[in-house]
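Before any comments, here is the structure.
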Amino acid sequence: MPDESPRRRPLLREPVSVDLVNTRWIDGGVPHDLLDTLDGLAQWLRESDLAPRFEAGPQTLGHLLHARDALARLLDDPGEPHATADLNAVLAHGRVIRLLSEGHSASTVEFDAPEWGPAWTAAADFLDLRARPDRIRGCANPACVLHFFDTSKNGTRRWCSMSGCGNRAKAARHHARERAGRTA
């Protein structure tokens, strides 16, 4: 019987494209991948508020893994041509339809197949975030693989979370100062 209990991830509520990349993380030196099962996919769809619109199936998972790989490579190297082509290939499976509805502008998205929905949504979100590319960052902790979209007023966020990597960095600096003071 599969384990359907949710796995605790260290960083939630980032924009959907960044959150997709963050479905891989390291905890205690051990790598984790939420999208290694359909239960993990269902959890991610719930956590990213996509579950009401999309189902967790094998094709959806395959398309999402393809999008995650392209996004991760683009976060590492924004100009990487193969990653750009892979992301564009995902985007080719959906289109925005603009409408006039009850006197107001509206839009809807159509997909080649519903299984492309989550991958396309994450790819399209990434394009929106690229309006502020300086705000998409990796955690300053070299042992952390998480990314975040910096929404701080002055744009100086360095850590995926202050309660995790930020506190560890502050504690390490404090201990280094104490050791330096004892040897002086």
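Tabulated data
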quantity	calculated
Region 101-110 - phi-based ³J(HN,Hα) in whole Hz, Karplus 6.51/-1.76/1.60, Gly and Pro as x	10, 6, x, 10, 6, 8, 8, 9, 10, 10
Three-way shape label, the chain, alpha-carbon gyration tensor, a/c 1.5	prolate
Residue-averaged [θ]222 nm for the chain, counting only DSSP H segments that reach four residues, each worth -39500 (n - 2.57)	-13000 deg cm²/dmol
Quarter of Cα convex hull surface for region 1-85, i.e. mean projection, nm²	6.5
Within the accessible area of the chain (1.4 Å probe), percent carbon and sulfur	54
Amide proton proximity set for Ile136, modelled H, under 5 Å, gap of 5+	Asp150
Amide H within-cut-off set for Leu50, under 5 Å, with H built and near neighbours excluded	none
The chain - accessible surface per residue (Å², probe 1.4 Å)	59
At most 11 other Cβ within 10 Å, DSSP loop - GluC sites (Glu not before Pro), region 94-160	Glu102
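The values are calculated or read from the model by the stated rules, or taken from the named source; none is laboratory data. Keep in mind that what you see is a predicted model, and the values were worked out from it rather than measured. Neighbour counts are summed over all protein chains in view; Cβ atoms, including those assigned to glycine, are modelled from backbone coordinates with ideal geometry. The area values use the complete protein model at the heavy-atom level, side chains included, leaving out ligands, DNA and RNA. Shrake-Rupley method; radii C 1.70, N 1.55, O 1.52, S 1.80 Å.
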